Amino acid sequence: MSKSKLGLLITLVLAIAAIIWWLPEDFLTLDNLKARQSDIEHFRQSNPLLSVLIYCGIYILFTALSIPGAAILTLAGGAIFGLFYGTIWVSISSTIGATLAFLLSRYFFKDAVKQKFGDKIATIEENFKKDGAFYLFSLRLVPVFPFFVINILMGITAIKTAAYAMVSWAGMLPATIVYVNAGTQLSKLDSLSGILSPPIIFSFVLLAAFPFIARKLLSILRK
């Protein structure tokens, strides 16, 4: 490993360690999100631009460093910014973060990724050669692997960075909308009775049905 790659690896490890040490244990939980709802909303109203920058920065950092928590952060986007703006900020942040993780895998950690995921890389490369960018689209729409694993493994393939970013954005957008919409409803929970409200039920029905809808859509696109 070259000195530049070793230096970057040490920096990333220190960054991840600092984030884990600095953030409270319940930072990425729904209970914490709802407990801090009023404080977050007050801060957002007083500092709208800064709120966006902080949220997007956290989302991009977590995604780029492959730190689990994208689902909760996406729900938080809906709770904080609403469906329209939440979808915009989540979509931008997730695409940038995923692309950075992809680039880190491709240019700095390819050997380590091959050693770690050797049994999966052959399948990824074979399917990519067969279906090209559509394979990535299908993984994003109906993820066989976790979100951060896709970012890492796709760095081994020959897909171009611009194509990776655009296809990832398109493939992640439907799930982003579903999760952000669920977040807008979770933010309105003020009692146990609210759990059974029609918007809450509809949001969770969408979350449960999304994989089946996505598979149907993929079958139509393939035809």
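Using the Karplus relation 6.51 cos²θ - 1.76 cosθ + 1.60 with θ = phi - 60°, the per-residue 3J(HN,Hα) values for region 53-65 come to 5, 5, 4, 5, x, 5, 4, 5, 4, 4, 6, 4, 8 Hz, with x marking Gly and Pro. Each other residue within a Cβ distance under 14 Å of F102 adds +1 if Lys or Arg and -1 if Asp or Glu, for a net charge of +4. Stretching I121 away from A162 to a fully extended chain increases their span by 12.6 nm, per 0.36 nm per residue minus the current alpha-carbon distance.
Just list whichever of K129/K160; K116/K216; K110/K160; K114/K216 have alpha carbons separated by over 22 Å in the model shown.
K116/K216; K114/K216
Laboratory data are not the source of any read-out in this text; all were calculated from the coordinates shown. Please read these numbers as outputs of a predicted model, since none were measured by experiment. Backbone-built Cβ (ideal geometry, glycine too); neighbour counts: all protein chains shown.
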